[in-house]
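Down below is the structure, laid out as structure tokens.
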Amino acid sequence: MFEALVSANSPYSSFKLFSVSHLVIIVFTIMLIAGFYKWKKPLQPYRDLIRWGLLFALIGSEIYFNVWNIVIGEWSLLYTLPFQLCSICIYLCTFMLLTKNYRLFEIIYFLGLAGATQAILTPELFYDFPHSRYFQFFIAHIAIILSPLYMTWIEGYRIRFNSVIRAFLTLNVIAAAVFLINVRLGANYMFLMRKPNNTSLLDFLGPYPRYLIALEFIAFFLFLLLYFPFYQRNSKNEVM
């Protein structure tokens with residue numbers, strides 16, 4: 001039984017988009033976020049416990065991912081370097097939580113929430129419940145989402161409109177660097193060279209490289225949506 005939960009040739013290696021196991025994790029994520037928001041004030045005394053719990057989830061999931069790939073003989077420069085957007089966000093979230101740096105927060109608020117939400121809705125995942133990779137994948141992405149929300153709801157950090165611009169420019173700088181890495185290695189990190197094999201949002205955005213241009217507009221639109229709650233708050237404060 002244990003081997004089936006960790007093996008690369010597991011009977012649970014058939015994850016299906018919007019299957020029961022997928023819908024359950026989506027609902028669980030929504031409930032977790034809603035509960036986090038509702039009880040943000042009662043959770044204030046436990047802020048350090050929450051912060052270290054998120055750090056444990058982020059670091060632990062990344063270590064497990066690499067160790068698992070090494071053990072099964074699948075670790076590769078082409079697939080397992082931390083150059084996918086969510087992998088990059090894991091490291092940014094880790095440093096943000098350790099340092100409580102505002103500049104990291106305003107970047108990860110947009111990159112983390114937009115990227116990890118899309119990953120949970122259309123995951124590039126090939127292992128279903130109860131395989132260990134199923135849990136590792138969703139724990140990592142839920143932790144990415146909760147990290148900037150922790151900084152917002154528990155630590156009281158706020159976003160300004162300039163943060164939208166800085167985050168968007170940072171995303172493009174990261175993408176440019178990763179593109180060069182892809183060219184050098186023949187890899188496809190951040191899906192800058194071709195679409196992923198699984199069903200994703202990119203399937204609706206046209207062929208390569210047209211979907212990259214569409215992604216620019218979608219990313220900026222999502223960043224504006226994520227800024228909107230702070231815009232409302234800032235406007236209300238100005239009126240008052």
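Computed from the coordinates by the stated procedures, all read-outs in this text should not be read as laboratory data. Keep in mind that this is a model prediction, so the values were computed, not measured. Here the Cβ is made from the backbone with ideal geometry for all residues, glycine too, and neighbour counts use every protein chain on show.
Applying 1/(1 + (r/R0)^6) with r as the Cβ-Cβ distance of Asn172 and Lys195 and R0 = 25 angstrom yields a FRET efficiency of 0.80. Under a model in which nothing but the beta-carbon of Lys, Arg (+1) and Asp, Glu (-1) is charged, region 90-196 shows a dipole of about 300 debye around its Cα centre. Each of Tyr12, Phe28, Phe95 was scored by the projection of its Cα onto the charge dipole of region 2-239, and the greatest displacement toward the positive side belongs to Phe95; charges sit on the C-beta of Lys, Arg, Asp and Glu.
A simple packing score, the average count of other Cβ atoms within 10 Å per residue, orders the peptides 29-36, 83-90 as 83-90, 29-36, with the highest score first.
Applying 1/(1 + (r/R0)^6) with R0 = 22 Å to the Cβ-Cβ distance of Tyr102 and Phe161 gives a FRET efficiency near 0.90.
The count of lysine pairs in the chain whose Cα atoms are under 25 Å apart, excluding pairs fewer than 8 places apart on the same chain, comes to 7.
Ranking of Glu106, Glu62 by neighbouring Cβ atoms within 10 Å, starting from the fewest: Glu62, Glu106.
Go through (i) 1.32; (ii) 1.04; (iii) 0.98 and flag the label whose value is the computed Cα Rg over 2.2 N^0.38 Å for this structure. This structure yields the entry labelled (ii). Think of it as helices only: each DSSP H run of n ≥ 4 in the chain is worth -39500 (n - 2.57), and spread over all residues that comes to -23000 deg cm²/dmol at 222 nm.
When +1 charges are put on Lys and Arg Cβ atoms and -1 charges on Asp and Glu Cβ atoms, the dipole computed for the chain relative to its Cα centre reaches about 720 debye. Charges on Cβ only, +1 for Lys and Arg, -1 for Asp and Glu, centred on the Cα centroid of region 104-240; of Tyr127, Tyr227, Asn182, which one is farthest towards the dipole's positive end? Of the options given, the answer is Asn182.
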